[in-house]
Amino acid sequence: MIPPAIRARIGSLLVGGAGLFLLLAFASYDPADVSLLSSEPNVPVRNIGGVAGAWLAALARGGFGWAAFAAPLLAVLWAGQWWRHREDHQDRWITGALGTLLLLTSLATLLALIPSAPSAQARAGGAVGYLLIGAGRYYVGTAGTALISVCVAALSWLLVAGQTGLSQRA
């Protein structure tokens with residue numbers, strides 16, 4: 001049986017490495033790397049993460065727009081927290097994943113609210129942000145959509161903060 005401190009260190013290295021990989025893949029994203037998005041795909045792909053990085057970046061940036069950059073940054077924060085405290089956080093990963101998903105969704109919605117052109121909205125907030133501002137503006141207006149997104153972002157940050165070690169503990 002592996003001791004919890006060693007397990008936490010190994011998990012920290014894996015999560016931190018995955019976060020850095022995603023950050024590099026997202027930063028080097030080129031839509032022409034994915035054959036589904038381009039009639040003449042780049043051969044070889046230009047993404048630093050190779051084919052896997054190109055597809056992950058296409059899915060994340062297409063789904064959440066610029067908000068996708070929050071996921072690798074949160075992964076690096078979690079890795080640093082796990083490394084420092086040497087605790088096994090295996091039981092709290094579902095809370096962190098849910099908080100991250102809600103945070104990405106609310107950030108994508110907020111980013112999609114900024115531009116006025118639909119194509120710019122889809123680039124800024126991805127498909128998730130674009131669809132949510134359409135529904136949000138219809139039901140609660142622009143101000144209501146922004147207010148709900150800020151509230152969801154704040155509440156999801158509380159979930160994520162428990163994972164990143166940024167919450168205040170008594």
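Some values worked out for this structure:
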{"quantity": "Cα→Cβ-extended label distance, 7 Å offset, between Leu36 and Ile148, nm", "calculated": "2.8"}
{"quantity": "Mean Kyte hydropathy of 1.6 or more with a Cα span along the axis of at least 15 Å, helices from DSSP in the chain", "calculated": "93-113"}
{"quantity": "Farthest positive-ward along the chain dipole, Cα basis, beta-carbon charges - from Val128, Leu22, Trp78", "calculated": "Trp78"}
{"quantity": "Spin-label zone in the stretch 107-121 - amide nitrogen under 19 Å from a point set 7 Å from the Cα of Tyr138 along the C-beta vector", "calculated": "109-110, 112-113, 117-119, 121"}
{"quantity": "Per residue value of the accessible surface for the stretch 17-170 (all protein chains in place, 1.4 Å probe), Å²", "calculated": "56"}
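The values are calculated or read from the model by the stated rules, or taken from the named source; none is laboratory data. The structure presented is a predicted model; accordingly, all values stated were derived computationally and were not measured. Counting neighbours? That spans all protein chains shown, and the Cβs are built from the backbone with ideal geometry, glycine included. When the accessible area is computed, the model is the full protein with side chains, heavy atoms only, and any ligands, DNA or RNA have been set aside. Shrake-Rupley method; radii C 1.70, N 1.55, O 1.52, S 1.80 Å.
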